[in-house]
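Novice: Let me give you the structure first, and then I'll get to my questions.
Throughout, read-outs are computed from the coordinates displayed, never taken from laboratory work. As the structure is a prediction and not an experimental result, all values here were calculated from the model. Methodologically, a virtual Cβ is constructed for each residue, glycine included, from the backbone with ideal geometry; neighbour enumeration extends over all protein chains shown.
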Amino acid sequence: MKIIPDRILVINLTTNDHQFIDGADLFNEWVGGVGVGINLLNKYVPTEADPLGSNNAIIFAIGSLSTFYPIISKTVALFRSPYTHDLGESYAGGRLSLALRFADIGALCIIGKAEKPSIITIINNEVLIKPAGPLSQMYTSTVGRILRELIPAQPGKRSILRIGQAGEKLVRYSNIVVDTLRHFGRLGAGAVLGSKNIKAIVVSGNKDIPLDQAGIDRKAYLKTYQKIWDLCVNTEVMKKYHVLGTPQNFLPLNELNSLPTKNFLYGKFDKVTEISGEKFVETYLGRRVSCNTCPVGCIHVAILRERYGKDLADIHSTSVPYDYEPMALLGSGLLIGDGVDLMKLLEQTEKYGMDAITTGGVLGYLAEAYEKGIITDSDTGGLPIRFGNCNDFLEVIHRIAQRDGENKDLYWWAGEGLDRLVKQYGGSDIALRFNNQTPAGYSTGPYSMIGHAIGGRHSHLDNAGYSLDLKSIGKELQSTENMMKLVKEEEWRNTLNSLIICLFARNLYTPQLVVECFQSLGIIKTEKELQNLGLRIQKLRLATKLRFGYNFLDTELAIPSRLYEMETGHGKLSKSLIKEHLEIYNSILIERYHLNL
Amino acid sequence: MPKRLRVAFLDRCVGCYQCVLACARINEKVLSIDRASIRVKTIGGYGREGFAVVVCRGCLDPPCVPVCPIEGAIRPRTVGGGVLVNRSICDAIKCSHECVETCPIPGAIHIDEDIQNAIVCRQCSICTKFCPTGVLIMEEPTPGF
């Protein structure tokens, strides 16, 4: 097996066949991950593709360095998003990149639509489509358990992707659960698989890559590996991720008036200590887990104990993975100030396979709309939807995941997302969204929100505007300079996402270190080449958005009115400030990316 | 006194596979899971119930040795427990994998189909150096029964 992946597996569900095609040129030019994936997306998804139609495709890709070094553990999924209708780009850890690497598959493209509910199994070169009918409507955890028995594999080389009921019901922000604890979230990858009649994908491989093959300087490789290991384990670079994990953000962001609270109205939550990283580690943490090849162990798994009957011992327990952004949107965002209640909400989204951040945004809108009388009991079917009431929200999540296309009630529209809810019921001013996407848990100031507005997939992960906010507190904002910082950050992240390195390690994998990683494997890449790769990918991502009809000049999309009412770490935001920054961005689109707007 | 590997604190395992990859990378000069002498597997799903580490326990009187039909293919380490496989003699095509069948720990010895050799830990300690949570330790053997 070669260092740089050179095989692409294309599965056509409509014709029920598959082929391995040569991807060497694509991987050599674009490294892997989003670089390779965006090219395949443009090849396989026509401009007129319906995101939930058979002419959409979903592409999974790893990178040239996957599995070779620590924390290079992610896989990207690319598709036309049924939620934003443009670029669907999502990342998951778990074991998928390892399984694809050892099956010698650099990218997996799934096109067409299966006639009946199906499972795809890929074991090295063997590809099978199996019936999945009996797995319909099962929870994501149950599907995982059954597939582990159905398709045995050697330890450590199998990855199981599956959707829940939300994906089957085409909830537009349903996700794909990867290996029980990780997800392709946010942009509706679950609905794309559901629309293709795919309940699950199992990947397993056991091929080897010799380290004494021509080109590899094995001594240098081991030395570079050791250096990265030491940085991961013996320095402070990754420490915050393995101690409290991402929920360490709660207390400092609350202190800075930057914690989204009550549907983004406020920046502080009076019960923040009850849902903080400190509280969870001390009270609920059951274990920590890693993605493959990553020694950090950032995945924090809590134990949720619940009483199901009247007897003292009528207790059952569930393991619930937790991360900051889902906790913020389902916690402070909904005024849920109890750790057990928060775990119940996380678990509810988990078992139905719904994106927790977007679900939190939809629930926040519904609770405020109910409070203000925009929706009433006649809309909700008699169910109250109240801030702070866990049982109300558990029931709403259940009803969204079971929504009925014949009876288009509130829950059906809620499964379509914020834009459609607003169109149906009104209340646009209370639905904070950027191209339909709920911002993640950072009410830090203008750059977090602008970052969501301009990001390729409208995610906090595109450019980390929150970080710029935190660095800008108390300083005069240099609008042009700061917009260029966001733009360049997104470009470098494209490079990291083509490699495909977990973004938690973005401060560890400097451009110089990435060059060294390649060099040890006998591949020459310069820093300039890597920077330019990020720029080239950004051009392709933006062109793809444009092709799918995204309107970069539509300020209504970019500036929701809640933005000017919410409290942030920089106080309330002014319209003129946001407008000024977005105008600068539009000139960057033309001058830097030569985009024909 | 030479030491042997012990899975001392299994509950700490985070399932990163660093021990597995280190064993294959350094001892076998290959990026691989199959060629490693140590394996990590999930119990009841990825991380929900935890992990099991499958590796040779370094017996002082290893039952895999006397059952081997090929003279010199596998022998006990002189001191410290465990076994050493002579790869130039071991030939999995010429036997019925008696060592694998006899070991009471499923998977502690396995046959690599590419090189047709028994793969078993040689107590080199590399894996302990790449365990971020201290699951694996080297210790002096003490007799059991």
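Novice: Figure the gain on full extension for A:L577 and A:K528 (residue separation times 0.36 nm, minus the Cα-Cα span) and round it to one decimal in nm.
Specialist: Working it through step by step, the gained length comes to 14.3 nm.
Novice: A further question follows. Let's see if you can work this out: charge +1 on each Lys and Arg Cβ, -1 on each Asp and Glu Cβ, no other charges. What is the dipole magnitude of chain A about its Cα centre, in debye to the nearest 20?
Specialist: 1060
Novice: For A:K423 and A:E149, compute 0.36 nm times the residue count separating them, minus their Cα-Cα distance, and round to one decimal in nm.
Specialist: Numbers: separation 274, 0.36 × 274 = 98.64 nm, distance 4.53 nm.
Length gained, A:K423 through A:E149: 94.1 nm.
Novice: Now for a separate question. Can you give me the Cα centroid spacing of the range A:304-362 and the range A:467-519 in angstrom?
Specialist: For the range A:304-362 versus the range A:467-519, the Cα centre distance is 32 Å.
Novice: Which whole-number percent is the relative contact order of the range B:4-133 (Cα, under 8 Å, 6+ apart)? Walk me through the numbers on the way to the answer.
Specialist: Working: 239 pairs, mean separation 34.4, N = 130.
Over the range B:4-133, the number comes to 26 percent.
Novice: Now, a different point. So what's the back-of-envelope 222 nm ellipticity for chain A, counting only DSSP H runs of four-plus at -39500 (n - 2.57) apiece and dividing by all residues, rounded to 500?
Specialist: -12000 deg cm²/dmol
Novice: Separate question: Distance in nm between label sites at B:I70 and A:Q213, each 7 Å beyond Cα in the beta-carbon direction?
Specialist: According to this spin-label approximation, the distance is 2.7 nm.
Novice: If only Cα atoms are counted, what is the Rg of the range B:4-133, and what is its Dmax, in Å?
Specialist: Reported Rg and Dmax, both Å: 14.5, 45.
Novice: Collect residues whose amide H, placed 1.01 Å from N in the peptide plane, falls under 5 Å from the amide H of B:L31; neighbours closer than 5 in sequence don't count.
Specialist: When sequence neighbours closer than 5 places are left aside, the close amide H contacts are A:I209, A:L211.
Novice: State to the nearest 20 debye the size of the charge dipole of the range B:4-133 about its Cα centre, where the only charges are +1 on K and R beta carbons and -1 on D and E beta carbons.
Specialist: Magnitude of the dipole: close to 560 debye.
Novice: Expressed as a rounded percentage, what relative contact order does chain A have, with Cα pairs under 8 Å and six or more residues apart?
Specialist: Relative contact order, chain A: 16 percent.
Novice: Obtain the radius of gyration and the Kirkwood radius of the range A:139-250 from its C-alpha atoms and give Rg over Rh.
Specialist: Here the Rg-to-Rh quotient is 1.11.
Novice: Related question: Taking θ = phi - 60°, what integer Hz values does the Karplus form 6.51 cos²θ - 1.76 cosθ + 1.60 yield along the range A:448-464, in sequence order, with x for Gly and Pro?
Specialist: 4, 6, 5, x, 5, 5, 9, x, x, 10, 6, 10, 4, 7, 5, 8, 6
Novice: Give the long-range amide H neighbours of B:V40: residues separated by 5 or more places, or on another chain, with amide H under 5 Å away, using H modelled in the peptide plane at 1.01 Å from N.
Specialist: Amide H to amide H, under 5 Å and 5 or more residues apart or across chains, B:V40 pairs with B:V54.
Novice: Can you give the extra length, in nm with one decimal, that the chain gains between A:N55 and A:E126 once fully stretched, where that is 0.36 nm per residue apart less the Cα-Cα distance? Each step should come with its number before you reach the end.
Specialist: On the way: separation 71, 0.36 × 71 = 25.56 nm, distance 2.46 nm.
Separation in residues times 0.36 nm, less the Cα-Cα distance, equals 23.1 nm.
Novice: Please return the longest stretch of chain A lacking exposed loop sites, where GluC sites (Glu not before Pro) count only if DSSP places them in a loop and at most 15 other Cβ atoms lie within 10 Å.
Specialist: A:237-405
Novice: If you don't mind, there's one more thing I want to ask. Would you be so kind as to identify which of B:S125, B:C99, B:L84 lies farthest towards the positive end of the dipole of the range B:4-133, taking Lys and Arg as +1 and Asp and Glu as -1 on Cβ and the Cα centre as origin?
Specialist: B:S125
Novice: Measuring from centroid to centroid over Cα atoms, what is the spacing of the range A:533-597 and the range B:1-70 in Å?
Specialist: Their Cα centres are 51 Å away from one another.
Novice: Only four residue types carry charge here, +1 at the Cβ of Lys and Arg and -1 at the Cβ of Asp and Glu. Report the dipole size of the range A:241-430 about the Cα centre in Debye, rounded to the nearest 20.
Specialist: 260
Novice: Here's a follow-up. Two decimals is fine: what is log10 I(q)/I(0) at q = 0.18, 0.21, 0.25 Å⁻¹ for the range A:58-149, from a Debye sum with one equal scatterer on every Cα and no solvent?
Specialist: Taken in order of the listed q values, log10 I(q)/I(0) reads -1.05, -1.29, -1.34.
Novice: Using the Karplus equation 6.51 cos²θ - 1.76 cosθ + 1.60 (θ = phi - 60°), what ³J(HN,Hα) coupling, rounded to whole Hz, does each residue of the range B:129-142 give in order, writing x for Gly and Pro?
Specialist: 6, 10, 9, x, 10, x, 5, 9, 9, 9, 8, 5, x, 10
Novice: If you don't mind, another one. Take the range A:242-306, drop everything but the C-alpha atoms, weight them equally and run the Debye formula without solvent; then report log10 I(q)/I(0) at 0.14, 0.16, 0.23, 0.29 Å⁻¹ to two decimals.
Specialist: -0.49, -0.61, -0.93, -1.14
Novice: What lysines does A:K219 reach when the alpha-carbon gap must be under 20 Å and sequence neighbours fewer than 8 apart in one chain are set aside?
Specialist: Result set, ordered by chain and number: A:K2, A:K227, A:K525, B:K29, B:K129.
Novice: Right, another one. Name the lysines eligible as straight-distance cross-link partners of A:K545: C-alpha to C-alpha under 17 Å, and not fewer than 8 places from it in the same chain.
Specialist: Hits, sequence-local ones excluded: A:K43.
Novice: Roughly how crowded by other chains is peptide B:21-31, in terms of the mean Cβ count from those chains within 10 Å of each of its Cβ atoms?
Specialist: Rounded to a whole number, the mean comes out at 5.
Novice: Dividing the Cα convex hull volume of chain A by residue count, how many Å³ per residue is that?
Specialist: 147
Novice: Over the range A:241-430, what per residue volume does the convex hull of the Cα atoms give, in whole Å³?
Specialist: Roughly 137 Å³ of hull volume per residue.
Novice: Chymotrypsin sites (Phe, Trp or Tyr not before Pro) within the range B:1-69: which are DSSP loop residues with at most 15 other Cβ atoms inside 10 Å?
Specialist: Those satisfying the criteria are B:F9.
Novice: Which whole-number percentage describes the relative contact order of the range A:241-430, with Cα contacts under 8 Å and a sequence gap of 6 or more?
Specialist: Relative contact order here is 17 percent.
Novice: A further question on this structure: Could you calculate, for the range A:365-470, the ratio of the Cα radius of gyration to the Kirkwood radius, expressed as Rg to Rh?
Specialist: Numbers: Rg = 15.5 Å, Rh = 15.0 Å.
Rg/Rh for the range A:365-470 comes to 1.03.
Novice: Now for a separate question. Extending each Cα 7 Å along its Cβ direction at A:H398 and A:D270, get the distance between those two points in nm, one decimal.
Specialist: Result: 3.0 nm between the two label points.
Novice: Below 23 Å, Cα to Cα, which lysines can A:K475 reach? Residues fewer than 8 away in the same chain don't count.
Specialist: Straight-distance partners of A:K475: A:K268, A:K485, A:K488, A:K572, A:K575, A:K579.
Novice: Kindly provide the GluC sites (Glu not before Pro) of the range B:91-145 that DSSP labels as loop, not H, G, I, E or B, and whose Cβ sees at most 16 other Cβ atoms within 10 Å.
Specialist: B:E113
Novice: Another one. Gaussian network model of chain B, Cα springs within a sub-10 Å range: biggest mean-square fluctuation belongs to which of B:A36, B:A118, B:A73?
Specialist: Of B:A36, B:A118, B:A73, the Gaussian network model singles out B:A73 as fluctuating most.
Novice: Please give me, ordered by residue number, the trypsin sites (Lys or Arg not before Pro) of the range B:46-145 that lie in loop per DSSP and have at most 15 other Cβ atoms within 10 Å.
Specialist: Values: sites: B:R48, B:R57, B:R77, B:R87, B:K94, B:R122, B:K129; in loops: B:R48, B:R57, B:R77, B:R87, B:K94, B:R122.
Here the trypsin sites (Lys or Arg not before Pro) that fit, given the DSSP loop and packing criteria, are B:R87, B:K94.
Novice: Same structure again: Using modelled amide H (1.01 Å from N, peptide plane; none on Pro or chain starts), what sits under 5 Å from the amide H of A:G337, excluding residues fewer than 5 places away?
Specialist: none
Novice: Shifting gears a bit: Could you let me know the centre-to-centre spacing of the range A:406-432 and the range A:181-216, using Cα atoms, in angstrom?
Specialist: 33
Novice: Further question on the same structure: Rounded to whole Hz and in sequence order, give me ³J(HN,Hα) for the range A:170-179 from the Karplus expression 6.51 cos²θ - 1.76 cosθ + 1.60, θ = phi - 60°, writing x for Gly and Pro.
Specialist: 6, 4, 6, 10, 6, 10, 9, 7, 10, 6
Novice: Please report, for the Cα atoms of the range A:381-439, the Rg to one decimal and the Dmax as a whole number; what are they, in angstrom?
Specialist: Rg then Dmax for the range A:381-439, in Å: 11.9, 31.
Novice: Further question: What is the percent of Cα-Cα separations in the range A:7-204 that go past 20 Å?
Specialist: Numbers: 9615 of 19503 pairs.
The proportion of pairs with Cα distances above 20 Å equals 49 percent.
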